[in-house]
Amino acid sequence: MQIKVAKEVNKELIINVAPTGVEIALLEEKKLVELHYEKADASFAVGDLYLGKVKKLIPGLNAAFVDVGYEKDAFLHYTDLSPFARSILKFTSYAMGDKSGEYDFAKFQIEPEIIKTGKINEVLNGKPNVLVQILKEPIAAKGPRLSCEISLPGRFVVVTPFNEIVAVSKKIHSSEERKRLHKIVEAIRPKNFGVIVRTAAEGKKTAELHEDLSTLVETWKSIQKNLRNAVAPAKIMSEQDKTTSILRDLLNEDFNRIVINDKNLYTDTKAYIQKIAPNKAEIVSQYQNGLPIFDQYGITRQVKAAFGKTVNLNSGAYLIIEHTEALHVIDVNSGYKSVGNNQEENALQTNLEAGEEIARQLRLRDIGGIIVVDFIDMKLPDNRRRLQEAMEEFMRSDRAKHAVLPISKFGLMQITRQRMRPEVNINTAELCPSCNGTGKITSTLLLEDEIEKRLTYLVTHQHKNLTLLVHPIVYSHLTKGWFYTNIQSKWRRKHKINFKVLPNTNYQLTEFRFFDQQEEEIKF
């Protein structure tokens, strides 16, 4: 197995809208690499801005606890205060007391920066109200983590109020292009706003950059307006929904499909794409097939295969992923894999295959903190170095901040990865749907009779063009054999109706539901 060279990959975003929330799956070359879930009542998302009230100063931790409306006070460390903390406190006070709503931010007088080695009680004495941004969502028993380094991300630039700095992404390698972008942004940047130029700005014209910057400045004006007469704790501005933020951060030339099963979100997303990248608007489509969208694109199957304790690899090797309070541990096992007689070469090839899957698992499960990987022992230093270089390459597309340390003499690799949100943890083990864990079930011979009984009832009540959704195993039973011998066809002929059966992997074995021609479930 060769180390894969970074190349453009086909990216697809599949979005499943349900009453409980929105599931977002990112596929690269048809393989699931990220899975996001946004609850319908989601709050305290990364990037949200709040007016917080300082509740308690902890000099020993050099931190403060701030009330932002969560059940547990949020945590604000001195290092997250921002050098312009005094300016933020002053601005918060000004904006809250601004009666006219016409305060010109360009006239705001910036306060001197705080020192890096200062004390929290020197800055937040008096327990003031302060504008803060969610840095990390609440995780486990912890409240949100906050930052006073306010940033407003756009498609091409990120605006950072209270400073005058213009920075250009280091991922733009051309020094001429970096100078060009720096010159443009410096010319169009409003007073009291710093600007970070994102990688996506490479090659963009002044008008595109100016439009993006202007939109963010208007957002800042809305924040000023929302602070007027606000009473802490209060949400001042929500980050864009997760779908839009993913599009904003990921959309590039190799993003070739976005499929959504909800008309309203499809319309909103299409409009957003039309605004930020008109030439890519045709990649958005609305899914209207009868099967669940995640089943249609093979996502349900991949989730079931990827989220268990054991993850199998194509070669026969497998990973064991364990979670502890302090860290995550991944064990690489060769299984029945056998490439050749050379044990060292076998170990290298297995480790390279495992490394690629581990990089995917970290993104997919959003695993953060310290990860210790127990690779198969290799004796040659060159092979250990080759594995480390491969791991760094595999993780290059990971948007979370991370670091890969060299393999120790015990064959252990340590990886650190930024954790912004609670880890995605899906239980792939299923309770027996028929017995609910008791080990005893009623006869499945009765299921067919029960379905036909319901069908007969619907036909007698003038229902037509019916669709029956069942578990895939039951689907196979109802549709097996030739056209004239399978049960589905027999029911069609008997009742003289247009009737079809479809499988649904989310159903329990004995679960079935009827839908009418408007695709609405028929309740009994």
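The values are calculated or read from the model by the stated rules, or taken from the named source; none is laboratory data. Please read these numbers as outputs of a predicted model, since none were measured by experiment. No Cβ is skipped: glycine too gets one built from the backbone with ideal geometry, and neighbour counts run over all protein chains shown. These area figures cover heavy atoms from the full protein model, side chains too; ligands, DNA and RNA do not enter into them. Shrake-Rupley method; radii C 1.70, N 1.55, O 1.52, S 1.80 Å.
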Residue count, region 296-317, condition open to solvent by 30 Å² or more (accessible area, probe 1.4 Å), of a type outside the set (A, V, I, L, M, F, W, C) and either under 17 Å from residue 363 (Cβ atoms) or free of Cβ contacts under 8 Å to residues at least 24 places away in the same chain (or both), comes to 5
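Which residues, counting only those in region 447-463, are open to solvent by 40 Å² or more (accessible area, probe 1.4 Å) and in a helix (DSSP H, G or I)?
448, 449, 450, 453, 454, 456, 457, 460 - these are the residues of region 447-463 that are open to solvent by 40 Å² or more (accessible area, probe 1.4 Å) and in a helix (DSSP H, G or I).
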In the set 95, 42, 74, which member is closer than 19 Å to residue 238 by Cα and at pLDDT 90 or above? 74
Any residue at all in region 378-388 that's free of Cβ contacts under 8 Å to residues at least 60 places away in the same chain and under 27 Å from residue 25 (Cβ atoms)? no
Could you grab me the full set of residues in region 106-149 that are under 14 Å from residue 223 (Cα atoms) and open to solvent by less than 10 Å² (accessible area, probe 1.4 Å)? 130, 131, 132
Helices (runs of 4 or more DSSP H) enclosed by region 186-295 - at least 2 residues per element that are surrounded by 14 or more Cβ atoms within 10 Å (Cβ to Cβ), more than 19 Å from the chain's Cα centre (by Cα) and modelled with pLDDT of 85 or more: 206-227
Here is a check on your reading of the model: is residue 69 modelled with pLDDT under 90, part of a loop (DSSP other than H, G, I, E, B) and open to solvent by 10 Å² or more (accessible area, probe 1.4 Å)? yes
In region 84-105, residue most open to solvent (accessible area, probe 1.4 Å) [restricted to those that are within 29 Å of residue 60 (Cβ to Cβ) and not aromatic (Phe, Trp, Tyr)]: 86
State whether the residues of region 318-336 include one that is over 30 Å from residue 154 (Cα atoms), open to solvent by less than 40 Å² (accessible area, probe 1.4 Å), at pLDDT below 85 and assigned to a loop (DSSP other than H, G, I, E, B). no
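Hey, does region 43-52 have a residue that's open to solvent by 40 Å² or more (accessible area, probe 1.4 Å) and not small (Gly, Ala, Ser)? Explain how you work it out, then say what you get.
Initially, region 43-52 is screened for residues open to solvent by 40 Å² or more (accessible area, probe 1.4 Å), giving 43.
Going one step further and asking which of them are not small (Gly, Ala, Ser), we end up with none.
No; the residues of region 43-52 include none that is open to solvent by 40 Å² or more (accessible area, probe 1.4 Å) and not small (Gly, Ala, Ser).
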When region 378-417 is checked residue by residue, the ones that are under 15 Å from residue 344 (Cα atoms), surrounded by 15 or more Cβ atoms within 10 Å (Cβ to Cβ) and among the charged types (D, E, K, R) are 384, 386
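Condition check: of a type outside the set (Ser, Thr, Tyr), farther than 19 Å from residue 402 by Cβ and surrounded by 15 or more Cβ atoms within 10 Å (Cβ to Cβ). Does residue 343 satisfy that?
Here the answer is no, as residue 343 does not meet what is asked.
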I'd like the full set of residues that are within 38 Å of the chain's Cα centre (by Cα) and not aliphatic (A, V, I, L, M), limited to region 480-503. 500, 503
Single residue of 412, 352, 362, 405 found to be at pLDDT 90 or above, touching a helix residue (DSSP H, G or I) at 6+ places or on another chain (Cβ under 9 Å) and under 26 Å from residue 308 (Cβ atoms): 352
Listed residues 131, 89; which is part of a strand (DSSP E or B), under 22 Å from residue 230 (Cα atoms), of a type outside the set (Val, Ile, Thr) and touching a residue at least 12 places away in the same chain (Cβ under 8 Å)? 131
